[in-house]
Amino acid sequence: MTAFCMIKLLCQATRNENRHAKRFFGTLLTQTPQERVFSPFWMVVPDPRKSAVFGLTQPFCTAEKSHTEPKKKAAFGSVGRRIPYRILHVINQDGESLGNMHRAEALKLMDQHDLKLVLLKENVEPPVYRLMTGQQIHEEQLKRAEKKKGSPKPGTVQKELSFSSAIAKNDLETKTKQIAQWIEKKYHVKITIRQAKDSNTDMFVLFDQILESVSEKATYLSKPKITREGVSTCILRHMSEKELKAYQKMEKQKNSTAKKENEDLKSSELHQ
């Protein structure tokens, strides 16, 4: 009898739990979206296209705008075998055009001659690729780095001076003063020297003389180089605070060494 009563009580408790559960979920489903209450970690996001959307609250994020950001230009170098285009315009290692060809053919040429494919122009139809040796790629990278280094940064003013290697001493002093004024304003100064006929003046020595006259403020942004036959150029810039301190320290050490050598020389002369 006791066992029968226990079973009856258990069945009644189960029916009560089911009834309460149905009542709870029935009330929840019949509520409007605005009346529903959830944990603070959940929220109802109203959307005119949907009755209700449930989800975790999300922090502010700009990931969805990433597709509008400009595509970064890839660095100059070998693309390996990763070529997304089917038809390419190929240039050989000597700079001669090989015409348009399928990428499989271009890769075959690359393997046969132990070369590397480099993307030159992407925004043309078909894209232009060049077969190059590792040495050619390295030299081109150096050229581009030097060119980028010599280009003024946005917002930087660049002044230019051009004169002959046969320039008179007074005229050179005037131009050097002008350079010093521009450097003081933290401008970049591009200097171009043309080799005069019947002139034995070394243009690179002339560049060093100009730099020496403004050495307390300026240094080379782009070292002297020959741009074409008979014409050389360089770019000067104002030294940074760190460079100025290093220069002043070096000059101080140099003067201290020179002073000590003079004292030693005088001392040795007195002893004689």
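The values are calculated or read from the model by the stated rules, or taken from the named source; none is laboratory data. Every value quoted in this text rests on a predicted model; they were computed, and no experiment measured them. So basically every Cβ, Gly included, is an ideal-geometry build from the backbone, and we count neighbours across all protein chains shown. Ligands, DNA and RNA are excluded from the accessible area calculation, which covers all protein heavy atoms including side chains. Shrake-Rupley method; radii C 1.70, N 1.55, O 1.52, S 1.80 Å.
Details
- Residue count for the stretch 205-231, restricted to those that are among the aromatic types (Phe, Trp, Tyr) and farther than 23 Å from Lys245 by Cβ: 1.
- Any hit, the stretch 114-127, residues being on the phi < 0 side of the Ramachandran plot, polar (S, T, N, Q) and touching a Leu at 6+ places or on another chain (Cβ under 7 Å): no
- Near pairs, Cβ below 7 angstrom, 6+ apart or cross-chain, from the stretch 131-154 (among the polar types (S, T, N, Q)) to any residue that is modelled with pLDDT of 85 or more: Thr133/Gln93; Thr133/Leu115; Gln136/Gln93
- Qualifying residue in the stretch 147-159 (condition: more than 31 Å from the chain's Cα centre (by Cα), at pLDDT 85 or above and either at negative phi or not basic (Lys, Arg) (or both)): no
- Strands (runs of 3 or more DSSP E) wholly inside the stretch 95-147 containing at least 1 residues that are touching a helix residue (DSSP H, G or I) at 6+ places or on another chain (Cβ under 7 Å) and open to solvent by less than 70 Å² (accessible area, probe 1.4 Å): 116-121, 128-132
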